[in-house]
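Remarks on the structure that follows.
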Amino acid sequence: MRCQHCKKQAILKSPRLCEDHFVEYFERKIGKFLEKYKIKNKKLLVAISGGKDSVVVSYVLSKLKEKFNLQIEYFFIRLGIPTFTEKSEEIATRVTESINYPLTIYDLKKEEGFTIMDVKYKPCSYCGMIRRYILNKYAFENDFDYVVLGHNLDDEVFFIFNNMFNKNITQLQRTGPLTQTIKEKKLVGRIKPLYFLTEEEILLYAKLKNLPHIGCACPNSLESTQKKFKKDIKFSRDQKLNIVYSILEMKKYLPEEKVELKFCEKCGYPTTSDTCKFCRTKEKILSTL
């Protein structure tokens, strides 16, 4: 199998590329993403967890920083998961040091008084909510234009099918490569530069670039629905892209998710009730410690 651009040995079947052309293709895809969604002259908060996705997006953005005039800060949340958090933080530190950027570390225990291990019921779902809250709050208070996430094409395909299986059709409005910043509502937009890239492509890029990343899953997520979905249901790269492109087109005809936002009575950040889920969760956890 030969590269579609030259006669060198291809290292990937789809697209059929050699090592040099694959790296060029991968970085160009992220550059085109930034161009398409006008991510230029922006201040970005990059969430780095130590996993392959966040490590790769952190590395590539550092290479594209000057071209797009980006102001970047890397942000790690110390969740307090034994061994896993320590390994993740070590990798995040190594990566940011290698690209000569400081790493901001948010210690959940020190700042909020609890760790993820203090969540006794469905820690994965609460972990996601807690991380989103902290990222949004820090980004808003420090005047960032966007939060950068490492979500990839496989993650988005799972999100689409999971909501379809559960008949959460209006939730499909939430899929997409970015959300807009609404400062008056204290909401900072999120962008996903890896949105159109597969896990296979991301893992290959990390390998070719010798980027360290944590190779094991979080112990709290071993039985997650997402992992089972990815293991049991297989799509080709083109099929995944077609699924996402179709949903993005269909979104134009889906009913908009109508949510009335107010501000939390305790923390002042957006919520649909009087007290946000983060504050309710924090209060419940601290009452048991």
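The values are calculated or read from the model by the stated rules, or taken from the named source; none is laboratory data. In this text, all values refer to a predicted model and were calculated from it rather than measured experimentally. Don't worry about glycine lacking a Cβ; one is built from the backbone with ideal geometry, like all the others, and counts go over all protein chains shown. Surface areas here come from the heavy atoms of the whole protein model, side chains and all, with no ligands, DNA or RNA. Shrake-Rupley method; radii C 1.70, N 1.55, O 1.52, S 1.80 Å.
Among residues of the range 202-227 being at negative phi and over 19 Å from the mean Cα position of the chain (by Cα), the one that is modelled with the lowest pLDDT is E223. Identify, please: which residue in the range 257-284 is out of contact with any Gly (no Cβ under 8 Å at 6 or more places or on another chain) and in a helix (DSSP H, G or I) and is, among those, most open to solvent (accessible area, probe 1.4 Å)? Checking each candidate, the answer is K284. On the given criteria, is R131 open to solvent by 80 Å² or more (accessible area, probe 1.4 Å), out of contact with any Phe, Trp or Tyr (no Cβ under 9 Å at 6 or more places or on another chain) and either in contact (Cβ under 8 Å) with a residue 40 or more places away in the chain or under 23 Å from S287 (Cβ atoms) (or both)? Yes.
On the basis of being under 26 Å from R237 (Cβ atoms) and either crowded, with 17+ Cβ neighbours inside 10 Å or without any contact (Cβ under 8 Å) to a residue 24 or more places away in the chain (or both), does R78 make the cut? No. Among residues of the range 108-128 being within 16 Å of R280 (Cβ to Cβ) and not in a helix (DSSP H, G or I), the one that is least open to solvent (accessible area, probe 1.4 Å) is F114.
Filtering Y59, Y37 for residues that are touching a Lys or Arg at 6+ places or on another chain (Cβ under 7 Å), open to solvent by 10 Å² or more (accessible area, probe 1.4 Å), in contact (Cβ under 8 Å) with a residue 12 or more places away in the chain and closer than 30 Å to K137 by Cβ leaves a single hit, Y59. Taking every residue in the range 12-31 that is in a helix (DSSP H, G or I) and pairing it with any residue that is basic (K, R), at least 6 positions away or on another chain, the pairs with Cβ-Cβ distances below 7 Å are E27/K63. Within the range 163-201, the residues that satisfy the criterion of being modelled with pLDDT of 90 or more, in a loop (DSSP other than H, G, I, E, B) and of a type outside the set (A, V, I, L, M) are G176, P177, T179, Q180, T181, K186, K192, P193, Y195, F196, T198.
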